[in-house]
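As structure tokens, the structure follows; a few thoughts come after it.
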Amino acid sequence: MSFTVTKPDVSEFFQGDHIYTIPRYQRNYVWDTKNWDQLINDILYVTKNSHIKAHFIGSIVFEEKNCENNGNIKNRSVIDGQQRITTIQLLLLAIIFYYKKQIILSVKKNENYDALYKNYQYLISFVSTKIPFKNDEIKLKNDYEEFAVLWDYCLESNQEKTIKNINSYIKEKKKDKSQILKAFAYFDDFFTNKLLGKIKIDYNISEFQNKLLSTRIISIGSEDNEEVYNIFEILNARGTQLKQIELLKNYIFKFIMPRTEIDQVKLNWAMLEEDLCEIDLDVFLFHTMKCLCDNTSLKQNNSYEVIKNEVSKGKIGIQELYEKITICKNLYSIFIKTNFNDEIVEDSCLNYFHLKRNKQARPIIMALLNARGNNVISSKVYDEMIEKLRIFFILFNINKKTSNKIDSDIHKLSNKIFNGNSRFVVENAFYEFLNKYKILFNDLEQNKISFSNITYSNRVISGDFSSKLLVYLYKPFYINEQGKQDGLQINFDEFNIEHILNDSDDKIKKTSLGNLLIVPTSINEKVKNKSYSEKRIEFINSNIKYISNFANSHETFTEEDISNRTKEEANKLSNYYHISEIEVNKKLKESSIAIEIYDRLTKDEDKMILVERGLMKFIEYFRQNKRIETIYKKQILALYHELNTKYQYHAA
């Protein structure tokens, strides 16, 4: 192995003609109070116990190359240990900042100036690298603007300007919630208020500084790019500290070919992390692998091992894996969306999964998006499927089914759709899944009961339905009654749930579905705690027809009306959110037949017509087309009749 291992202390590690760089693709700085406290306490412990020579902070792995603009300076690209190296640098900057504040005080008091200034100058050598005939450069380069700003201000020769600039900058950037600035402020507070200030501790800044600089590191460096990634994997894969996505990133960077493309691959990966920064990347990887592989042992916490297993068995290559993950990143971006247009079927469906915080359906949606993007299915077929998927999960959730019971089938379905090479393969997989769980939509009476069990209270009660979800479920009825054009102009984000009879007396009945009416927030606030007769006036005067029609049809409203209306509303919801078992059976049967016929067709033109027109129109075309060879026609039509009998059990 062509790498160098040394055991320097912090002062030795940061001295010399080299610059450390944390590449953009590395994970963000995530250490927090717990980690900062631990490091400080470890150093204080060593300070207190003289028999302990030094604290050991762990290893830092880097790839070493000559800087492009100056061959005398080494650039060390940090592969592992970015949290530790960043924290140490922030600690050093915070000590420098402390010294600068003390220097101002020493000038005023005319004491300790020389010692303080000497310490300040000494520490600068650990946060800067001297470049011949140029200005000093920052010792640690990363993608955080605020880190560079802190460094710049700390090295400002004017002490008062440093303090003013840093304090103003931290205050200005407070809303950004930068973890870098939080760490610096935390260390500054420690040195100012704890170590030497308001809360006295039996140590001084010099002792702390010396123990920090004597902290030991295992430095592992290599000029061999691949070797560095080998070390990274050995250090981390068995420790399970890193996320699955980080282990995979290292694995891809290690083996991707050609090596000349590695810089572009790293840049693309950084873009992936940036584009999906609002999403847990391990969840993204887990859902992606549900689409890419059929390994039933796949779990969120073993994605990396499953991937390596798939590669070792030759099921997928590194380049193909990287390309498909990139494709899936683009597909997965849709789940970041938070603004939805009800006129678009896809948006309306995605809105449900967003409100429900349903992540389980994401692999299926990704697979359907991929099939549509590759023209395997049309936009029309995609809309039909995502609409049925939405209704399936509405019924699944309203019946309070357990999600882990269908997870393996979701995995199989996602994989089949993602890798499906024809519309019929995709349809067959999708409708086979629905057929397996058809009890969810063919038991209409059970669904009526489940909808009738919806409750909502202004107080937090276990089992209550979400107000936003209830508004979502009723949205189509409001739009239909208002008229589509006018109905789509209604801003349902400004709607809430009104109890027709006030639920202030804690009667359970008054929290039930029959006593709930979806109204604009403005009406909701106006009628709060009023009697029904007073509320009715506001309802009648509403420009929302669904609300005014309700009020006009109910001159009075009693607890008996609640019971009757609960049944009516449950019937309405169960009839609307329903999947036709007949349609599912028909689609399943036709797709099963079409798959086998497609494989037997010898002409590409015929295959195209089958895909474009569907099974029944294709058979009609085939029968009537006199140009088709008689023997070939008889074979295909005979096969159709044979399959029609074979798959008869799918029929309703």
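The values are calculated or read from the model by the stated rules, or taken from the named source; none is laboratory data. Just so you know, these numbers come straight off a predicted model, no measurement behind them. All Cβ positions, glycine included, derive from the backbone under ideal geometry; neighbour counts span all protein chains shown. Quick note on the areas: whole protein, heavy atoms, side chains included, nothing else; ligands and nucleic acids left out. Shrake-Rupley method; radii C 1.70, N 1.55, O 1.52, S 1.80 Å.
Within region 642-651, the set of residues being in a helix (DSSP H, G or I) and either open to solvent by 20 Å² or more (accessible area, probe 1.4 Å) or farther than 24 Å from Tyr431 by Cα (or both) comprises Glu642, Asn644, Thr645, Lys646, Gln648, Tyr649, His650. Looking across region 164-200, just one residue is at pLDDT 85 or above, within 21 Å of Ile104 (Cα to Cα) and among the basic types (Lys, Arg), and that is Lys164.
Among the residues of region 614-641, which ones are surrounded by fewer than 15 Cβ atoms within 10 Å (Cβ to Cβ), among the basic types (Lys, Arg) and in a helix (DSSP H, G or I)? Within region 614-641, Lys617, Arg623, Lys634 qualify.
Among the conditions (1) open to solvent by 40 Å² or more (accessible area, probe 1.4 Å); (2) modelled with pLDDT of 90 or more, Ile497 misses just one, which is (1). Per the listing Glu569, Glu534, Glu555, Glu538, the residue uniquely out of contact with any strand residue (DSSP E or B) (no Cβ under 9 Å at 6 or more places or on another chain), assigned to a helix (DSSP H, G or I) and either of a type in the set (D, E, K, R) or modelled with pLDDT of 95 or more (or both) is Glu534. Report yes if some residue within region 62-80 is open to solvent by less than 10 Å² (accessible area, probe 1.4 Å) and modelled with pLDDT under 80; otherwise report no. No, because not a single residue in region 62-80 is open to solvent by less than 10 Å² (accessible area, probe 1.4 Å) and modelled with pLDDT under 80. Residues that are of a type in the set (A, V, I, L, M, F, W, C) and either in contact with a Gly (Cβ under 9 Å, 6 or more places away or on another chain) or more than 20 Å from Lys475 (Cβ to Cβ) (or both) within region 345-364 comprise just one, Ile364.
Pull up region 315-332, narrow it to residues that are of a type in the set (S, T, N, Q) and at pLDDT 95 or above, then point me to the one that is least open to solvent (accessible area, probe 1.4 Å). Before the answer, list the steps.
Residues of region 315-332 that are of a type in the set (S, T, N, Q), as a first pass: 319, 326, 330.
Now drop any that are not at pLDDT 95 or above, which leaves 326, 330.
Values: Thr326: 48, Asn330: 96 Å².
Among them, the one singled out is Thr326.
Taking only pairs six or more apart or across chains, which ones have beta-carbon atoms under 6 Å, a first residue in region 537-553 that is farther than 15 Å from Leu516 by Cα, and a second residue that is in a loop (DSSP other than H, G, I, E, B)? Short answer, once both residue conditions are applied: Glu538/Val527. Checking each residue in region 272-301 for being open to solvent by 20 Å² or more (accessible area, probe 1.4 Å) and under 16 Å from Asp407 (Cα atoms) picks out Phe286, Leu292, Asp294, Asn295, Thr296, Ser297, Lys299, Gln300, Asn301. Applying a threshold of 8 Å to beta carbon distances and a minimum spacing of six or more residues, or different chains, the list of pairs starting in region 276-302 at a residue that is in contact (Cβ under 8 Å) with a residue 12 or more places away in the chain and ending at one that is among the charged types (D, E, K, R) and buried (at least 23 other Cβ atoms within 10 Å of the Cβ) reads His287/Arg362; Leu298/Lys290. Looking at Asn575, is it in contact with a Gly (Cβ under 8 Å, 6 or more places away or on another chain), modelled with pLDDT of 95 or more, open to solvent by 10 Å² or more (accessible area, probe 1.4 Å) and assigned to a helix (DSSP H, G or I)? Considered against the rule, which asks whether it is in contact with a Gly (Cβ under 8 Å, 6 or more places away or on another chain), modelled with pLDDT of 95 or more, open to solvent by 10 Å² or more (accessible area, probe 1.4 Å) and assigned to a helix (DSSP H, G or I), Asn575 comes out as no.
Suppose we keep only residues that are part of a helix (DSSP H, G or I) and open to solvent by less than 10 Å² (accessible area, probe 1.4 Å) within region 578-591. Which one would you say is nearest to Lys475 (Cα to Cα)? Here the answer is Val584.
Output the residue which, of all residues in region 501-526 that are farther than 15 Å from Ser542 by Cα and among the β-branched types (Val, Ile, Thr), is surrounded by the most Cβ atoms within 10 Å (Cβ to Cβ).
Restricting attention to region 501-526, the residues satisfying the condition of being farther than 15 Å from Ser542 by Cα are 501-516.
Right, trim to among the β-branched types (Val, Ile, Thr) and you get 508, 511.
Details: Ile508: 10, Thr511: 22.
Among them, the one singled out is Thr511.
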